[in-house]
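A quick write-up on the structure given underneath.
The values are calculated or read from the model by the stated rules, or taken from the named source; none is laboratory data. Computed from a predicted model, the values in this text were never measured in an experiment. Accessible surface areas use protein heavy atoms only, side chains included; no ligands, DNA or RNA. Shrake-Rupley method; radii C 1.70, N 1.55, O 1.52, S 1.80 Å.
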Amino acid sequence: MKKRILLLNGPNLNWLGKREPTIYGNVSLSSIEEKMTQLCKSKDCELICFQSNSEGGLIDFLQKEHTADYVIINAGAYTHTSVALRDCFASLTIPFIEVHISNVYQRENFRHTSYLSPLAQGCLIGLGVEGYILALYKVFSDLNIASL
Ligand code: DQA
């Protein structure tokens with residue numbers, strides 16, 4: 001059976017490319033999704049992309065797709081606030097990687113706490129949009145699809 005990988009993005013990440021470009025760069029979310037979809041196709045697995053500006057939207061999607069094999073998530077600001085999203089991951093058995101484009105530890109104190117990190121397989125923080133691609137390579141490796 002084809003492996004199914006979820007790419008989840010939280011609030012305001014639909015505005016990547018035009019949102020605070022000095023922090024988040026010029027690349028749009030759709031071009032990241034396209035690149036990752038191509039990479040997944042080349043490994044014969046499926047990437048399901050979803051973005052929501054609402055906490056409930058992200059949780060509903062995760063519960064609906066609970067049989068997926070892996071999740072890559074940038075939860076945006078919900079990283080720092082959402083007990084509900086944390087509880088959702090705790091109730092599922094899907095491994096996940098947390099991604100942040102910016103180095104949140106170089107920014108405001110309120111960004112230094114993540115409710116998700118303690119449950120994540122690992123975190124890619126401050127590596128720009130390349131962090132998503134690097135996360136995908138780790139997923140390929142963990143799912144025995146490709147290794148370095
Ligand atoms: C972010 C960092 C968060 O603090 C912020 O709220 C975002 C984006 C990042 O990718 O750097 O929306 O997750």
Query raised in the report: Roughly how many Å² is the accessible area per residue of the range 32-148, as a whole number, for a 1.4 Å probe?
Result: 49 Å²
**Report entry** At 0.692 mPa s and 37 °C, Stokes diffusion of the range 1-83 via Kirkwood alpha-carbon radius, µm² per second
**Finding:** 243 µm²/s
Report task. Would you mind telling me the share, in percent, of accessible area of the range 1-104 contributed by carbon and sulfur at probe 1.4 angstrom? Result -> 50 percent
Report summary line: Expected vector for the range 41-57, Karplus 3J(HN,Hα) from phi with 6.51, -1.76, 1.60 and θ = phi - 60°, integer Hz, x for Gly and Pro, equals 4, 5, 9, 6, 10, 10, 10, 10, 9, 8, 10, 9, 8, 10, 4, x, x
Query raised in the report: Using a Gaussian network model of the chain with C-alpha springs under 10 Å, which one of VAL27, VAL129, VAL71 is most mobile by mean-square fluctuation?
Result: VAL27
Query raised in the report: If you project the alpha carbons of the range 42-139 onto their three principal axes, what span does each projection cover, largest first, in Å?
Result: 39, 29, 23
Report task. Jot down the radius of gyration and Dmax of the range 89-148, Cα atoms only, both in angstrom. Result -> 12.7, 38
